[in-house]
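Chemist: Got a structure for you, written out below as structure tokens; questions coming shortly.
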Amino acid sequence: MTQEVNIGSLRDKRVLVKALGCRTNLYEAEAIASAFESCGATLIDEGPWDVAVLLSCSVTAQADRKCRQMVRRFRRFNPEGLVVAVGCWAQGLSEEDREELMLDLVIGNRKKDQVVPLVAGLLSQGSVHVVRDNVMKDGHWESLSLDRPRLRTRAFLKVQDGCDHFCSYCIIPFLRGKPVSRPWEGLKKEILSVVDSGCPEVVLTGIHLGLYGRDGGPSLAELIERVGAIPGVLRIRLGSLEPFSIGDDLLASMRDVPQFCHHLHLPLQSGDDRILAAMRRGHTSSDYLRLLDRLRGALGEDVHISTDVLVGFPGEDDRAFKNTLQVLKDGAIGRVHGFPFSPREGTLAKSMADRPPRSVAEDRCREVIALGEELLEIYSKRWIGGELPVMLEERSEGFVTGYTPHFLKVKASGDGDTSSIVKVRITSLLDGDLKGEVLS
């Protein structure tokens, strides 16, 4: 299959790219969209399409259901169009399910850099493909890249893939495979291109971001320093970071690189040591709280810590759940994401006994989310009356919307260009968002 045939079969095709799940998926969707556009395809958000591509997620049973629902929606909308599933859910999908869902192309992990040529070949040759590999042995880096953000204002940049920690509830290491880090030169080129396109904020993402550099090359601490040295980069954020992967060198880089934004997402999952051990998390509740003390000592008391909490894990009784709520309070967490336990085939937790009833898990999830809203309000109120730099993402009818360095959403009266940073006087808090007025 020649490159000329590929480009010819894609030219003027209308391509819809959707992503479910994590920030790494968001990057991969952006990069695949970029590759389609470079081959002459037209990217669309809605309406008639020729090719629909889903960057899929399989972190929970609900994620699997959402993938199925979206594929069925694609097929109902266009029975004759090309429907493609890519990524984690696609990696584990059976042939029977592929046929039942009428998927034309299934592409697993470590193969996403082949999406565009495979789609082009399918358009020109009309054959059906399932393209997957043994990700537990495949250590190559997918050569995805983007020149500018297409789906969002911030640039999500994938720098790491894979995980070998194997928390007892998590299917992702089996689907994403062995850890691998992105080579610096390719990342540097991508950042320069993104900044040149007018995007000054980069979000470094990965499946287990703290493992960056373990397979050779710079550490995550060194990476932050290198990114901070690139002209035009005004903000640096990190995706989700496992608490046990933060060492003194990383703390020092966070503190010393001026563009680093003081918001960290550190998954807790549980505040009970017995449950944490069963989860194979690699830390205790006291370890987590001590880390927060170290972070505040390095970055200041105003650093925003957000987290994930998994409720209804096998063996979680009322006392264990109360311990989790207490750790959230003691740690002065800001934003909290709560999820009910979802047993995944192939994981250790799937066969564990004493799983709380679903109704109990759902009640606990609601309680975690409600507490998270209270904690976020407590954290956010400290900024009322002050002035904050806000990077603008939207503007409409005399108002602008954007985010502070601490990843708090702000809606302010006034004007400014998207991707610019303006100073905003914070006047109030409403429904979890800060309100204010643009000063400059």
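Nothing in this text is a laboratory measurement; each read-out follows from the coordinates by a stated rule. Quantities reported herein were computed from a predicted structural model and do not represent experimental measurements. All Cβ positions, even for glycine, are placed from backbone atoms using ideal geometry, and neighbour counts span all protein chains on display.
Chemist: Could you work out the relative contact order of the chain? I mean the mean sequence separation of Cα pairs under 8 Å and 6+ apart, divided by the number of residues, in percent.
Modeler: 10
Chemist: Tell me the net charge near residue 431. Cut-off is 12 Å between Cβ atoms, residue 431 excluded, with +1 for each Lys or Arg and -1 for each Asp or Glu.
Modeler: 0
Chemist: I'd like the per residue volume of the convex hull spanned by the Cα atoms of region 341-390, given in cubic angstrom.
Modeler: 127
Chemist: Computed FRET efficiency, Cβ-Cβ of residue 184 and residue 114, R0 25 Å: what is it to the nearest 0.05?
Modeler: Calculated transfer efficiency: 0.60.
Chemist: Ok, one more. What whole-number value in cubic angstrom gives the convex hull volume per residue for the C-alpha atoms of region 263-380?
Modeler: Looking at region 263-380, the number lands at 92 Å³ per residue.
Chemist: For the pair residue 248/residue 302, report the inter-label distance in nm, with labels modelled 7 Å from Cα in the Cβ direction.
Modeler: Each label point is offset 7 Å from its Cα along the Cβ direction, giving 2.8 nm.
Chemist: Let me ask you something else. Taking C-beta distances below 4.7 angstrom as the pairing criterion, name the unpartnered cysteines of the chain, in sequence order.
Modeler: Isolated Cys, the chain: 22, 39, 57, 67, 88, 163, 199, 261, 365.
Chemist: Rounded to the nearest 0.05, what FRET efficiency do residue 12 and residue 326 give with R0 = 41 Å and r taken as the Cβ-Cβ distance? Could you check?
Modeler: Efficiency at R0 = 41 Å is approximately 0.10.
Chemist: About the Cα centre, and with charges only on the beta carbon of Lys, Arg (+1) and Asp, Glu (-1), how big is the dipole of region 324-440? Nearest 20 debye, please.
Modeler: 320
Chemist: Using only the alpha carbon atoms of the chain, find the Kirkwood hydrodynamic radius as the inverse mean reciprocal pair distance, in angstroms to one decimal.
Modeler: Value: 23.0 Å, from the Cα pair sum.
Chemist: If you stretched the chain out fully between residue 415 and residue 337, how much longer would it get, using 0.36 nm times the residue separation minus the C-alpha to C-alpha distance?
Modeler: 24.9 nm
Chemist: Quick one: 3J(HN,Hα) in Hz for region 35-43, Karplus 6.51/-1.76/1.60 with θ = phi - 60°, rounded, Gly and Pro as x.
Modeler: In residue order, the calculated couplings are 5, 4, 5, 5, 9, x, 6, 9, 7 Hz.
Chemist: For n ≥ 4 DSSP H runs only, could you compute -39500 (n - 2.57) per run for the chain, divide by its residues and tell me the 222 nm figure to the nearest 500?
Modeler: Only helices count here, giving -11000 deg cm²/dmol.
Chemist: Per residue, what volume in Å³ does the Cα convex hull of region 387-438 take up?
Modeler: Roughly 63 Å³ of hull volume per residue.
Chemist: Shifting gears a bit: With label points built 7 Å along Cα→Cβ from the Cα atoms of residue 229 and residue 192, find their separation and express it in nm.
Modeler: Result for the modelled spin labels: 1.4 nm.
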